[in-house]
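Below is one structure; the comments refer to it alone.
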Amino acid sequence: MNDKGAGCHPERAEYYARLTPHNLAPLWEDLGNLLLRAPKPEAVPHVWPYADVRPLLLESGDLITAEEAERRVLILENPALTGRACATDTLYAGLQLILPGEIAPAHRHTQSALRYIIEGSGAYTAVDGEKAYMEEGDLILTPSWTWHDHGNTSDGPTVWLDGLDIPILRFMTTTFVEHYADPVYPETRPSGDSLARYGANMLPVNETRAQTSSPVFRYPYERSREALEKMRQAGGIDPYQGHKLEYINPATGGAAMPTMSSFLQLLPKGFKTESYRATDAAVYSVVEGAGTVRVGGVDLAWGKRDTFAVPAWMPHVFDASEDSVLFSFSDRVMQQSLGLWREQRGNQ
Ligand code: GTQ
(Lines give C-alpha, C1' and ligand atoms only; values in the text may rest on other atoms or scores of the structure.)
Protein backbone atom coordinates (compact mmCIF):
# COMPACT_ATOMS: atom_id res chain seq x y z
CA MET A 1 0.00 0.00 0.00
CA ASN A 2 1.01 3.63 -0.11
CA ASP A 3 1.86 5.96 2.72
CA LYS A 4 -0.50 8.65 1.47
CA GLY A 5 -3.36 6.66 2.97
CA ALA A 6 -5.81 7.44 5.71
CA GLY A 7 -4.14 4.87 7.96
CA CYS A 8 -1.02 7.05 8.46
CA HIS A 9 -2.90 10.32 8.35
CA PRO A 10 -5.91 10.58 10.66
CA GLU A 11 -6.60 14.13 9.49
CA ARG A 12 -6.94 12.79 5.94
CA ALA A 13 -9.32 10.07 7.08
CA GLU A 14 -11.45 12.69 8.76
CA TYR A 15 -11.41 14.76 5.57
CA TYR A 16 -12.37 11.76 3.37
CA ALA A 17 -15.34 11.05 5.61
CA ARG A 18 -16.58 14.58 5.00
CA LEU A 19 -16.24 14.16 1.24
CA THR A 20 -18.49 11.09 1.06
CA PRO A 21 -21.85 12.82 1.70
CA HIS A 22 -21.02 15.18 -1.18
CA ASN A 23 -20.39 12.26 -3.53
CA LEU A 24 -16.75 13.21 -3.79
CA ALA A 25 -13.69 11.00 -3.48
CA PRO A 26 -9.93 11.66 -3.48
CA LEU A 27 -8.41 10.44 -6.74
CA TRP A 28 -4.97 9.99 -5.18
CA GLU A 29 -6.24 7.11 -3.05
CA ASP A 30 -7.40 5.21 -6.13
CA LEU A 31 -5.12 6.28 -8.95
CA GLY A 32 -3.08 3.08 -8.87
CA ASN A 33 -6.24 1.01 -9.50
CA LEU A 34 -7.41 3.23 -12.33
CA LEU A 35 -4.21 3.67 -14.32
CA LEU A 36 -2.72 0.20 -14.51
CA ARG A 37 0.71 -0.69 -15.81
CA ALA A 38 -1.03 -3.33 -17.92
CA PRO A 39 -4.57 -4.67 -18.38
CA LYS A 40 -5.96 -6.67 -15.49
CA PRO A 41 -9.03 -8.59 -16.69
CA GLU A 42 -11.57 -9.76 -14.16
CA ALA A 43 -12.32 -12.87 -16.24
CA VAL A 44 -10.37 -16.07 -15.65
CA PRO A 45 -9.36 -18.69 -18.23
CA HIS A 46 -12.09 -21.29 -18.47
CA VAL A 47 -13.24 -24.25 -20.58
CA TRP A 48 -16.84 -25.44 -21.00
CA PRO A 49 -16.53 -29.09 -22.13
CA TYR A 50 -19.28 -29.97 -24.61
CA ALA A 51 -19.76 -33.33 -22.90
CA ASP A 52 -20.91 -31.42 -19.78
CA VAL A 53 -23.02 -28.80 -21.53
CA ARG A 54 -24.77 -30.90 -24.19
CA PRO A 55 -26.98 -33.05 -21.90
CA LEU A 56 -28.02 -30.00 -19.89
CA LEU A 57 -28.79 -28.05 -23.04
CA LEU A 58 -30.88 -30.92 -24.47
CA GLU A 59 -32.71 -31.11 -21.14
CA SER A 60 -33.80 -27.48 -21.60
CA GLY A 61 -35.58 -28.68 -24.74
CA ASP A 62 -38.00 -30.61 -22.52
CA LEU A 63 -38.61 -27.67 -20.22
CA ILE A 64 -39.31 -24.80 -22.59
CA THR A 65 -39.91 -24.32 -26.32
CA ALA A 66 -37.74 -22.06 -28.45
CA GLU A 67 -40.79 -19.88 -29.10
CA GLU A 68 -41.59 -19.41 -25.42
CA ALA A 69 -37.94 -18.84 -24.51
CA GLU A 70 -37.51 -16.48 -27.50
CA ARG A 71 -33.93 -17.77 -27.50
CA ARG A 72 -33.24 -21.08 -25.72
CA VAL A 73 -29.66 -20.52 -24.73
CA LEU A 74 -27.39 -21.52 -21.89
CA ILE A 75 -25.14 -18.56 -21.15
CA LEU A 76 -21.46 -19.46 -20.79
CA GLU A 77 -20.67 -17.60 -17.60
CA ASN A 78 -17.11 -16.85 -16.73
CA PRO A 79 -16.58 -18.19 -13.18
CA ALA A 80 -15.27 -14.77 -12.09
CA LEU A 81 -18.18 -12.88 -13.66
CA THR A 82 -21.31 -14.84 -12.76
CA GLY A 83 -24.67 -13.14 -13.21
CA ARG A 84 -23.30 -10.67 -15.74
CA ALA A 85 -23.69 -12.63 -19.00
CA CYS A 86 -19.95 -12.42 -19.57
CA ALA A 87 -17.66 -15.12 -20.97
CA THR A 88 -14.88 -12.55 -20.81
CA ASP A 89 -14.91 -8.96 -19.55
CA THR A 90 -16.27 -7.72 -22.88
CA LEU A 91 -17.82 -10.72 -24.67
CA TYR A 92 -21.01 -12.69 -24.25
CA ALA A 93 -21.15 -16.33 -25.32
CA GLY A 94 -23.94 -18.89 -25.15
CA LEU A 95 -24.94 -22.24 -26.59
CA GLN A 96 -28.30 -22.18 -28.35
CA LEU A 97 -30.51 -25.20 -29.06
CA ILE A 98 -33.20 -25.45 -31.70
CA LEU A 99 -35.17 -28.66 -32.13
CA PRO A 100 -36.85 -29.98 -35.29
CA GLY A 101 -39.95 -27.96 -36.21
CA GLU A 102 -39.20 -25.13 -33.79
CA ILE A 103 -39.01 -21.42 -34.50
CA ALA A 104 -37.16 -18.80 -32.47
CA PRO A 105 -39.23 -15.71 -33.30
CA ALA A 106 -38.04 -12.70 -35.28
CA HIS A 107 -36.49 -9.82 -33.42
CA ARG A 108 -33.75 -7.30 -33.97
CA HIS A 109 -31.35 -5.63 -31.57
CA THR A 110 -28.44 -3.25 -31.63
CA GLN A 111 -26.10 -5.99 -30.44
CA SER A 112 -24.16 -7.68 -33.23
CA ALA A 113 -24.33 -11.47 -33.09
CA LEU A 114 -22.40 -14.30 -34.63
CA ARG A 115 -23.31 -17.98 -34.65
CA TYR A 116 -20.77 -20.72 -34.95
CA ILE A 117 -22.44 -24.02 -35.79
CA ILE A 118 -21.36 -26.80 -33.45
CA GLU A 119 -23.75 -29.70 -34.03
CA GLY A 120 -26.45 -30.47 -36.55
CA SER A 121 -27.25 -29.64 -40.11
CA GLY A 122 -30.17 -28.04 -41.92
CA ALA A 123 -31.46 -25.52 -39.36
CA TYR A 124 -31.36 -21.91 -40.49
CA THR A 125 -31.14 -18.30 -39.42
CA ALA A 126 -33.05 -15.86 -41.60
CA VAL A 127 -31.33 -12.46 -41.74
CA ASP A 128 -33.60 -9.65 -42.98
CA GLY A 129 -35.65 -12.32 -44.73
CA GLU A 130 -32.87 -14.40 -46.32
CA LYS A 131 -32.31 -17.87 -44.90
CA ALA A 132 -28.79 -19.06 -44.18
CA TYR A 133 -28.84 -22.84 -43.81
CA MET A 134 -26.38 -24.20 -41.25
CA GLU A 135 -23.69 -26.83 -41.59
CA GLU A 136 -21.22 -27.64 -38.82
CA GLY A 137 -18.34 -25.18 -38.83
CA ASP A 138 -20.23 -22.43 -40.66
CA LEU A 139 -20.11 -18.87 -39.37
CA ILE A 140 -23.38 -16.95 -39.61
CA LEU A 141 -23.69 -13.25 -38.79
CA THR A 142 -26.67 -11.25 -37.68
CA PRO A 143 -25.38 -7.68 -37.85
CA SER A 144 -26.70 -4.95 -35.58
CA TRP A 145 -30.38 -4.13 -36.12
CA THR A 146 -31.05 -6.85 -38.71
CA TRP A 147 -34.25 -8.88 -38.25
CA HIS A 148 -33.53 -12.50 -37.52
CA ASP A 149 -35.47 -15.63 -36.72
CA HIS A 150 -34.10 -19.14 -36.37
CA GLY A 151 -35.83 -22.31 -37.55
CA ASN A 152 -35.13 -26.01 -37.80
CA THR A 153 -36.57 -27.89 -40.76
CA SER A 154 -34.17 -30.81 -40.25
CA ASP A 155 -34.88 -33.94 -38.23
CA GLY A 156 -32.24 -33.47 -35.54
CA PRO A 157 -31.30 -30.92 -32.88
CA THR A 158 -28.99 -28.09 -33.88
CA VAL A 159 -26.63 -26.38 -31.46
CA TRP A 160 -24.53 -23.33 -32.09
CA LEU A 161 -22.27 -20.97 -30.20
CA ASP A 162 -23.68 -17.45 -29.95
CA GLY A 163 -21.16 -14.63 -29.71
CA LEU A 164 -22.56 -11.20 -28.94
CA ASP A 165 -21.21 -7.82 -27.87
CA ILE A 166 -23.78 -7.62 -25.03
CA PRO A 167 -21.34 -6.41 -22.32
CA ILE A 168 -19.91 -3.76 -24.66
CA LEU A 169 -23.30 -2.33 -25.60
CA ARG A 170 -24.44 -2.47 -21.99
CA PHE A 171 -21.40 -0.36 -21.08
CA MET A 172 -22.12 2.08 -23.92
CA THR A 173 -25.85 2.27 -22.99
CA THR A 174 -26.86 1.65 -26.61
CA THR A 175 -29.16 -1.34 -26.17
CA PHE A 176 -32.42 -1.44 -28.16
CA VAL A 177 -34.58 -4.42 -29.15
CA GLU A 178 -37.73 -4.76 -31.26
CA HIS A 179 -39.96 -7.80 -31.73
CA TYR A 180 -41.53 -8.48 -35.10
CA ALA A 181 -45.32 -8.81 -35.15
CA ASP A 182 -45.14 -12.35 -36.57
CA PRO A 183 -42.80 -15.16 -35.49
CA VAL A 184 -41.19 -15.29 -38.94
CA TYR A 185 -39.98 -12.26 -40.88
CA PRO A 186 -41.21 -12.39 -44.51
CA GLU A 187 -38.86 -13.91 -47.05
CA THR A 188 -37.16 -11.18 -49.07
CA ARG A 189 -34.47 -13.04 -51.03
CA PRO A 190 -33.70 -16.64 -51.94
CA SER A 191 -31.27 -18.49 -49.71
CA GLY A 192 -27.69 -18.03 -50.93
CA ASP A 193 -28.35 -14.66 -52.59
CA SER A 194 -25.94 -12.67 -50.40
CA LEU A 195 -23.14 -15.19 -50.78
CA ALA A 196 -23.58 -15.07 -54.58
CA ARG A 197 -23.51 -11.28 -54.71
CA TYR A 198 -20.80 -10.57 -52.17
CA GLY A 199 -18.99 -13.82 -51.50
CA ALA A 200 -17.34 -14.61 -54.84
CA ASN A 201 -14.53 -12.02 -54.58
CA MET A 202 -16.81 -9.71 -56.56
CA LEU A 203 -19.28 -6.98 -55.65
CA PRO A 204 -22.36 -5.75 -57.45
CA VAL A 205 -21.45 -2.70 -59.58
CA ASN A 206 -22.77 0.73 -58.72
CA GLU A 207 -24.08 -0.41 -55.39
CA THR A 208 -23.70 1.94 -52.50
CA ARG A 209 -24.79 0.72 -49.13
CA ALA A 210 -23.87 1.11 -45.53
CA GLN A 211 -20.87 -1.13 -44.91
CA THR A 212 -20.64 -1.26 -41.14
CA SER A 213 -21.06 -5.05 -41.24
CA SER A 214 -20.34 -7.63 -43.89
CA PRO A 215 -23.08 -8.14 -46.52
CA VAL A 216 -22.01 -11.80 -46.50
CA PHE A 217 -23.67 -13.43 -43.53
CA ARG A 218 -22.86 -17.08 -44.09
CA TYR A 219 -19.24 -18.21 -44.30
CA PRO A 220 -19.36 -21.91 -45.24
CA TYR A 221 -16.89 -24.12 -43.38
CA GLU A 222 -15.98 -25.99 -46.54
CA ARG A 223 -14.39 -22.90 -48.08
CA SER A 224 -12.62 -21.68 -44.94
CA ARG A 225 -11.30 -25.16 -44.14
CA GLU A 226 -9.97 -25.63 -47.64
CA ALA A 227 -8.19 -22.29 -47.45
CA LEU A 228 -6.42 -23.39 -44.26
CA GLU A 229 -5.46 -26.70 -45.85
CA LYS A 230 -3.94 -24.89 -48.83
CA MET A 231 -1.96 -22.68 -46.46
CA ARG A 232 -0.62 -25.73 -44.70
CA GLN A 233 0.39 -27.34 -47.98
CA ALA A 234 2.16 -24.16 -49.07
CA GLY A 235 4.40 -24.46 -45.99
CA GLY A 236 5.52 -21.79 -43.57
CA ILE A 237 3.65 -21.32 -40.34
CA ASP A 238 3.23 -18.45 -37.92
CA PRO A 239 4.96 -19.61 -34.72
CA TYR A 240 2.47 -17.70 -32.55
CA GLN A 241 -0.84 -18.72 -34.10
CA GLY A 242 -0.36 -21.48 -36.65
CA HIS A 243 -2.28 -20.99 -39.87
CA LYS A 244 -4.85 -18.34 -38.99
CA LEU A 245 -7.36 -16.48 -41.14
CA GLU A 246 -9.78 -13.70 -40.27
CA TYR A 247 -13.37 -13.59 -41.54
CA ILE A 248 -13.72 -10.26 -43.31
CA ASN A 249 -16.25 -7.87 -44.74
CA PRO A 250 -15.52 -8.20 -48.49
CA ALA A 251 -16.67 -4.65 -49.12
CA THR A 252 -14.02 -3.14 -46.84
CA GLY A 253 -11.40 -5.82 -46.26
CA GLY A 254 -11.87 -5.16 -42.55
CA ALA A 255 -13.44 -7.28 -39.84
CA ALA A 256 -16.83 -8.80 -40.62
CA MET A 257 -18.55 -6.81 -37.88
CA PRO A 258 -17.68 -3.51 -36.15
CA THR A 259 -17.32 -4.78 -32.58
CA MET A 260 -16.18 -8.40 -32.90
CA SER A 261 -13.41 -9.97 -34.96
CA SER A 262 -13.66 -13.62 -35.92
CA PHE A 263 -11.01 -16.12 -36.91
CA LEU A 264 -10.36 -19.70 -37.96
CA GLN A 265 -6.98 -21.31 -37.35
CA LEU A 266 -5.33 -24.63 -38.07
CA LEU A 267 -2.80 -26.07 -35.63
CA PRO A 268 -1.11 -29.13 -37.12
CA LYS A 269 -0.67 -32.22 -34.96
CA GLY A 270 2.29 -31.79 -32.61
CA PHE A 271 2.50 -28.03 -33.20
CA LYS A 272 3.16 -25.89 -30.15
CA THR A 273 2.79 -22.12 -30.41
CA GLU A 274 5.20 -19.60 -28.96
CA SER A 275 3.87 -17.49 -26.11
CA TYR A 276 1.58 -14.69 -27.29
CA ARG A 277 -0.77 -12.17 -25.77
CA ALA A 278 -2.98 -9.34 -26.96
CA THR A 279 -5.39 -6.87 -25.40
CA ASP A 280 -8.40 -8.49 -27.03
CA ALA A 281 -10.14 -11.23 -25.08
CA ALA A 282 -11.25 -14.23 -27.08
CA VAL A 283 -13.73 -17.10 -26.95
CA TYR A 284 -12.71 -20.26 -28.83
CA SER A 285 -14.77 -23.12 -30.21
CA VAL A 286 -12.98 -26.34 -31.10
CA VAL A 287 -14.05 -27.52 -34.55
CA GLU A 288 -11.62 -30.39 -34.99
CA GLY A 289 -8.90 -32.03 -32.95
CA ALA A 290 -7.70 -31.84 -29.36
CA GLY A 291 -4.97 -30.23 -27.34
CA THR A 292 -4.23 -27.90 -24.48
CA VAL A 293 -3.78 -24.21 -23.95
CA ARG A 294 -1.71 -22.80 -21.14
CA VAL A 295 -3.14 -19.37 -20.42
CA GLY A 296 -2.20 -17.04 -17.61
CA GLY A 297 -0.53 -19.96 -15.83
CA VAL A 298 -3.61 -22.21 -16.07
CA ASP A 299 -3.71 -25.39 -18.19
CA LEU A 300 -6.93 -26.02 -20.07
CA ALA A 301 -7.50 -29.22 -22.04
CA TRP A 302 -9.83 -28.95 -25.02
CA GLY A 303 -11.42 -31.32 -27.52
CA LYS A 304 -13.93 -31.20 -30.34
CA ARG A 305 -16.95 -28.91 -29.69
CA ASP A 306 -15.59 -27.52 -26.41
CA THR A 307 -15.67 -23.77 -25.80
CA PHE A 308 -12.99 -21.88 -23.87
CA ALA A 309 -12.25 -18.31 -22.85
CA VAL A 310 -8.87 -16.57 -23.04
CA PRO A 311 -9.05 -13.27 -21.13
CA ALA A 312 -7.27 -10.12 -22.28
CA TRP A 313 -3.49 -9.79 -22.05
CA MET A 314 -2.82 -13.25 -20.66
CA PRO A 315 0.14 -14.99 -22.29
CA HIS A 316 -1.00 -18.21 -23.91
CA VAL A 317 0.55 -21.23 -25.56
CA PHE A 318 -1.36 -23.78 -27.63
CA ASP A 319 -0.29 -27.39 -27.90
CA ALA A 320 -2.16 -29.48 -30.47
CA SER A 321 -2.08 -33.24 -29.90
CA GLU A 322 -4.05 -33.78 -33.14
CA ASP A 323 -4.60 -31.74 -36.28
CA SER A 324 -6.85 -29.07 -34.81
CA VAL A 325 -9.09 -26.32 -36.11
CA LEU A 326 -10.18 -23.54 -33.77
CA PHE A 327 -12.81 -20.89 -34.37
CA SER A 328 -12.52 -17.77 -32.22
CA PHE A 329 -14.06 -14.36 -31.80
CA SER A 330 -12.74 -11.38 -29.91
CA ASP A 331 -13.15 -7.64 -29.35
CA ARG A 332 -10.02 -6.90 -31.39
CA VAL A 333 -11.64 -4.81 -34.14
CA MET A 334 -13.32 -2.51 -31.65
CA GLN A 335 -10.03 -1.92 -29.85
CA GLN A 336 -8.25 -1.40 -33.17
CA SER A 337 -10.77 1.14 -34.39
CA LEU A 338 -10.15 3.11 -31.20
CA GLY A 339 -6.37 2.84 -31.57
CA LEU A 340 -6.03 0.76 -28.40
CA TRP A 341 -5.19 -2.78 -29.50
CA ARG A 342 -1.75 -4.13 -28.53
CA GLU A 343 -0.09 -7.49 -28.90
CA GLN A 344 3.09 -9.05 -27.57
CA ARG A 345 4.89 -11.88 -29.27
CA GLY A 346 7.13 -13.95 -27.05
CA ASN A 347 8.27 -13.26 -23.50
CA GLN A 348 9.95 -9.89 -23.82
O1 GTQ B 1 -30.28 -15.57 -31.29
O2 GTQ B 1 -30.87 -13.49 -31.34
O3 GTQ B 1 -27.50 -16.01 -27.23
O4 GTQ B 1 -30.84 -12.17 -29.14
C5 GTQ B 1 -28.58 -13.94 -26.92
C6 GTQ B 1 -29.43 -12.96 -27.42
C7 GTQ B 1 -28.90 -15.22 -28.92
C8 GTQ B 1 -30.35 -14.45 -30.78
C9 GTQ B 1 -28.32 -15.05 -27.69
C10 GTQ B 1 -30.01 -13.12 -28.68
C11 GTQ B 1 -29.74 -14.25 -29.42
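Miscellaneous remarks
- Point-to-point label distance, Arg170-Gln336, nm (Cα→Cβ direction, 7 Å offset): 2.7
- The separation of the range 221-276 from the range 295-314, counted between C-alpha centres, amounts to 18 Å.
- Protein heavy-atom surface of the range 1-112, 1.4 angstrom probe: 58% of the accessible area is carbon and sulfur, with nucleic acids and ligands not counted.
- Solvent-accessible surface of protein heavy atoms, probed at 1.4 angstrom with all chains present, puts Ser121, Ser154, Ser285 in the order Ser121, Ser154, Ser285, largest first.
- Calculated FRET value between Glu14 and Ala80, using beta carbons and R₀ = 56 Å, to 0.05: 0.95
- Euclidean distance of C-alpha centroids, the range 84-157 and the range 327-341, integer Å: 22
- Taking all protein chains as shown and a probe of 1.4 angstrom, Phe176 keeps an accessible surface of around 130 Å².
- Here the alpha carbons of the range 1-159 define both size measures, Rg and Dmax, at 23.4, 73 Å.
- Simple label model, 7 Å out from Cα along Cβ direction - Leu35 to Ala196, nm: 5.9
- With each label modelled as a point 7 angstrom along the Cα→C-beta vector, the Thr212-Tyr180 pair spans 1.9 nm.
- Surface accessible to a 1.4 Å probe, per residue, for the residues of the range 82-234, Å²: 44
- Whether the range 1-75 is rounded, prolate or oblate, judged on the alpha carbon gyration tensor where a/c under 1.5 counts as rounded: prolate
- Overall, the accessible surface of the range 174-213 at a probe of 1.4 angstrom is composed of carbon and sulfur to the extent of 55 percent.
- Take the Kirkwood radius over Cα pairs of the chain, plug it into Stokes-Einstein at 20 °C and 1.002 mPa s, and you get 99 µm²/s for translational diffusion.
- Rg/Rh ratio calculated on Cα atoms of the range 209-348 (Kirkwood radius): 0.96
- Its residue count N fixes a reference of 2.2 N^0.38 Å for the range 267-348, and the Cα radius of gyration divided by that reference is 1.09.
- Legend: translational diffusion of the range 77-194 by Stokes-Einstein, Rh = Kirkwood radius over C-alpha pairs, 4 °C, 1.567 mPa s; D = 88 µm²/s.
- Cβ-derived FRET efficiency at R0 35 Å, His107 paired with Val298, nearest 0.05: 0.40
- Looking at the range 263-348, the accessible area is 39 square angstrom per residue; that uses a 1.4 Å probe and ignores ligands, DNA and RNA.
- Estimated FRET transfer efficiency when R0 is 35 angstrom, pair Leu203-Glu229 (beta carbons, to 0.05): 0.85
The values are calculated or read from the model by the stated rules, or taken from the named source; none is laboratory data. Because the structure is predicted, anything quoted here is derived from the model rather than measured. Glycine also receives a Cβ, built like all others from the backbone with ideal geometry; neighbour counts cover every protein chain displayed. Note: accessible area is taken over every heavy atom of the protein model, side chains too, but ligands, DNA and RNA are not part of it. Shrake-Rupley method; radii C 1.70, N 1.55, O 1.52, S 1.80 Å.
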